[in-house]
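Inspection log for the structure reproduced underneath, given as structure tokens.
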Amino acid sequence: MNNFDPIVTGSIELAQTEAIKRKHNELTEYHLLWGLIKNPNTIASKQLKSEKKILIGLLDQLPTVGKISLSEIKPSPNLSEWFTLASSEAIQAGRDTINEADLLRNFTKYFPQLKVEIPEDQETEQPDFLINLNELAEKGKLDPVIGRATEIRRVQEILCRRTKNNPVLVGAPGVGKTAIIEGLAGLIQNNQVPDIILGKQIYTLNMGMLMAGTKYRGEFEEKMNALIRFIKGKGREAIIFIDEIHLIIGAGKTDGAMDAANLLKPALARGELNCIGATTLEEYKKYIETDSALERRFHQVLVSEPTKEDTIQILVGLKEKLEIHHGIEITEEAIVSAVYLSDQYISDRYLPDKAIDIIDEAAAGLKLSADSMPPDLAVLDSLIRSKKILINANPQNKVLKTEISELENQFNHDKKEWEGKVLELKKVAQIKQQLDKANFLLQKAETEGDFETASRLKYGDIPKMVETLETFDISWKLVRKNIGEVIARATGVPVERVLRTQQQNLLELEAYLNRHVLGQTEAIAEISDTLIAAHAGLTDQSRPLGSFLIMGPSGVGKTETAKVLSRFLFGDEKHLFRIDLSEYSERHAVAKLIGAPPGYVGYEKGGILTEAIRRNPYSIILFDEIEKAHPDFSDILLQIIDDGRLTDAQGRVVNFKNCVIMATSNLKDHEIFFKNEMIGRLDAVLYFNHLNNEIIHQLIERELELLNEKLQDRELQIQLNKQFYERILQSGFDLKYGARPLKNAFNRMLIKPLSKLILKEPDLKGALMLNLNQDNLLDVKRIDS
């Protein structure tokens, strides 16, 4: 490693300049010392300035050559060795760059007649893999921490203990564990902590940088020892914060070497190292609890997910920094929508992290729209370009020239207006940035007792900035619609569905289902009422939105109901997850739904059912032909409909509370096959009726209506005479198979012959009456309009 810090780099450049000046083709330890003494920023320049004469004598003894360039100068063996030793010192100190202190630690080996002392602050220089949170707090680079006073106080209490004063924050990802420690650093910096913690510095440990460049045995141990030496050098002032603390288990462990956890244990036991950790509950159980010697040195602090109300307060606190970064205005409705919609639609992540991400992404999208040319301007620009191409072909067209001139005037006017708004937005962002800095300086001045500065800022500068901001009318504001668009992209639920209220949406459900699933009024009413009650919050919110067993003969609309429900709730059938249970008649096949057990092929892939719902938590799950499944399947279904969740083979909990569960069966009586415990947990057992002639007539009418919609582009409209209608009815209806054969009959008797007719007579237009003659050929008659 020959990476030098700026001071050493400058000294080497001075040494090279001296070597060229003296016509030396080899850069020696004498040249380097000359460079260190000549550099006013070095320790050597202060302590060895009087030794210049000795050094000049040593340089004069070196052999000279003719004219020489920089590229011809090579380091001497002694200098190369010195750099190697300095590199080892830097690695031991946990740094990637060589500084002057690293060179001076081996100084006497090359200059025994000279003496230099390294200042104490240089001996305990901060390693590169540590970041001082107090310094970041002092510079105002940390986000404000809101609503975590209880957890911060709990951490302070543990830090004030005489023994076991090492807290570990345990909580789900994204609930704000790291933010709590950043908040503590801010309180320490503002002197708002007990005396025992006052003056302490919190350093966050970057595990990636700690592990970097430690491929050879012993290098990792050197870095860990450098960490412990640094902490010892700071006395009791340093606190190390290890985010994802479970990573220290096994970190740096190679053949015969110890991992980071075992290297830290002695320092923790002796009280030489004050440490704060953060990890998730699962990883704490898996890694920390299994190592009792490590666990007993920490005290657990549980960090729960904040409530929606607390999350709103957190976002209000972050609002100003987000506005400064993106240069837009974030409305209160956007904040409230981000919290409630993310909580409703994103179930595999936690507040406040998911709400902050939604706001951040929506603001980034709005900022991009603000900086990009508006769509109407882009269309206008494209229109002008196309008309200019036409005018080149016909230069004498005065009408076209006038049109182009008018369009260009409109484009220039609109573009100037848009550019003015963009410029205004940048000015607002600049003023907000200055205001944020002024507020930070005000807080700092009040803490330090600088009342003159505080008074100037509070009653002079800040009110002026606020007054200036009020004169601007910002066009780009983050609103509920922007939040809905981000949620829609993340979940696949159409934005219209996300933004509509559930009451407005669901009150139309029964009528919508009855329009598309004919003849099953009672069953559809039961489905609609159940889903309305679930969305109104009057049922158990941990269970699925609805769970139904639909029984009835084939072809009466059981599967179609699930498809139509998916289209209504989510806009398409992509959210319908259908499982044909005839494929799960064996016990080993049922295991595929939640994943193969550990040690079996396919374990890492997860379960077919659980993975589908993890990726798409808003789904209609259709278990088709449930009576054909192995009896073990009922245990899985019971867990889903009763608890609303399922644990897969890898121990991950999958939530089904936003799903609708529909199971179908062709059996006539549910008591013959299904257990009472399962029937009792379902929301409803529904019986679909046989279809009669009237329903089949309606189905034919609907198919005909769909066909006429497709023929609109050809300016065609068709009708069927009574005989043709009856023939389709007779061929398409079977009491045993319901309406299933109707589609085939419609395709065979109408669609295929009509396709041939259209290709044969491409100019065929108007209203037509169709009949099928005895030879199964279409007989076409025009209907007089």
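Where a number appears in this text, it was derived from the coordinates with a stated rule and is not lab data. As the structure is a prediction and not an experimental result, all values here were calculated from the model. Here the Cβ positions follow ideal geometry from the backbone for every residue, glycine too, while neighbour counts run over all protein chains shown.
The helix-only estimate of mean residue ellipticity at 222 nm for the chain, built from DSSP H runs of length n ≥ 4 each weighted as -39500 (n - 2.57), is -15500 deg cm²/dmol after division by the residue total. Packing here is the average count of other Cβ atoms within 10 Å per residue, and on that basis the peptides 190-197, 165-172, 11-18, 154-161, highest first, run 165-172, 11-18, 154-161, 190-197. Between Lys481 and Glu138, the FRET efficiency from the beta-carbon distance, with R0 = 45 Å, is close to 0.70.
Mind ranking 587-598, 394-405, 458-469 by how tightly packed they are, going by the mean number of other C-beta atoms within 10 angstrom, highest first?
Per-residue Cβ counts within 10 Å, averaged per peptide and sorted highest first, yield 587-598, 458-469, 394-405.
Net charge near Ser76: determine it from the other residues with C-beta under 12 Å of the C-beta of Ser76, scoring Lys and Arg +1 and Asp and Glu -1. Spelling it out: positives minus negatives among the neighbours equals -2.
Both radii are taken from the alpha-carbon atoms of segment 257-306; with Rh as the Kirkwood radius, Rg/Rh is 0.99. The convex hull around the C-alpha trace of segment 273-350, projected and averaged over every direction, spans 7.7 square nanometres.
Note on segment 622-741: Cα convex hull, mean projected area over all directions, 11.7 nm². With neighbours defined as other Cβ atoms within 10 Å of a residue's Cβ, the residues Met209, Met749, Met662 order from fewest to most as Met209, Met749, Met662. Per-residue packing, averaged as other Cβ atoms within 10 Å, sorts the ranges 266-272, 62-68, 652-658, 136-142 into the order 652-658, 136-142, 266-272, 62-68, beginning with the highest. Quick one: go through segment 372-388 and flag any residue whose amide nitrogen is under 19 Å from the point 7 Å out along the Cα-to-Cβ line of Leu400. Hits in segment 372-388 for Leu400 at 19 Å: 380-388. In the structure shown, the pairs Lys401/Lys427; Lys657/Lys710; Lys481/Lys605; Lys109/Lys223; Lys52/Lys223; Lys710/Lys743 are assessed against 27 Å; a Cα-Cα span above that value is assigned to Lys401/Lys427; Lys657/Lys710; Lys481/Lys605; Lys52/Lys223.
Between Leu383 and Lys234, the contour length at 0.36 nm per residue exceeds the Cα-Cα span by 46.7 nm. Rounded, prolate or oblate: which fits segment 130-304 when a ≥ b ≥ c are the square roots of the eigenvalues of the alpha-carbon gyration tensor, with rounded for a/c under 1.5 and prolate only if a/b beats b/c? Cα axes put segment 130-304 in the prolate bin.
Which whole-number percent of Cα pairs in segment 132-222 have a distance greater than 24 Å? Mind showing how you got there, number by number?
Details: 1240 of 4095 pairs.
Tail fraction, whole percent: 30.
About the Cα centre of the chain, how large is the charge dipole given +1 on each Lys and Arg Cβ and -1 on each Asp and Glu Cβ? Please answer in debye to the nearest 20. Each step should come with its number before you reach the end.
Working: 100 positive and 115 negative charges, 290 e Å.
Here the chain has a charge dipole of around 1400 debye.
Please arrange Arg349, Arg148 by counting, for each residue, the other beta carbons lying within 10 Å of its beta carbon, fewest first. With the fewest neighbours first, Arg349, Arg148 line up as Arg349, Arg148.
With R₀ set to 35 Å, the beta-carbon distance separating Lys458 from Arg349 gives a calculated FRET efficiency near 0.30.
Any chance you could run the full-extension gain for Asp371 through Ser69? It's 0.36 nm times the residue separation minus the Cα-Cα distance, nm to one decimal.
103.6 nm
Multiplying the residue separation of Glu424 and Glu522 by 0.36 nm and subtracting their alpha-carbon distance yields 29.3 nm. How big is the charge dipole of segment 6-118 about its Cα centre, in debye rounded to the nearest 20, if each Lys and Arg gets +1 on its Cβ and each Asp and Glu gets -1 on its Cβ? About 400 debye.
A compact globular protein would have a Cα radius of gyration near 2.2 N^0.38 Å; the ratio found for segment 500-687 is 1.00. Residues of segment 334-369 with amide nitrogen under 12 Å from the 7 Å Cα-to-Cβ point of Glu282? Backbone N within reach: 348-349. Taking a Cβ cut-off of under 9 Å around Gly277, the surrounding Lys, Arg, Asp and Glu residues balance to a net charge of -2, with basic ones at +1 and acidic ones at -1.
Assuming a ≥ b ≥ c are the square roots of the Cα gyration tensor eigenvalues, decide whether segment 309-470 counts as rounded (a/c under 1.5), prolate (otherwise, with a/b larger than b/c) or oblate.
Since a/c reaches 1.5 but b/c is at least a/b, the shape of segment 309-470 is classed as oblate.
Please give the direction-averaged projected area of the C-alpha convex hull for segment 383-437, in square nanometres with one decimal. For the Cα atoms of segment 383-437, the hull's average projected area reads 4.3 nm². Relative to the longest principal axis of the Cα atoms of the chain, the long axis of helix 332-345 makes an angle of roughly 70 degrees. The simple spin-label model puts a point 7 Å past each Cα toward its Cβ; for Gln443 and Gln698 those points are separated by 6.5 nm. Quick one: of the DSSP bridges fully inside the chain, what percent are antiparallel, nearest 5? In the chain, DSSP labels about 20 percent of beta bridges as antiparallel. With R₀ set to 22 Å, the beta-carbon distance separating Leu62 from Ile7 gives a calculated FRET efficiency near 0.35. Size descriptor for the chain, Kirkwood hydrodynamic radius: 34.3 Å (Cα pairs only, one decimal).
What's the local net charge at Glu361, with K and R +1, D and E -1, over the other residues with C-beta under 10 Å away?
Around Glu361, the charge tally is -2.
Here the scattering of segment 6-118 is modelled by Debye summation over its C-alpha atoms, one equal scatterer each and no solvent; at q = 0.10, 0.11 Å⁻¹ the log10 of I(q)/I(0) is -0.27, -0.33. Modelled spin labels at Lys115 and Asp572, positioned 7 Å past Cα toward Cβ, are 8.2 nm from each other.
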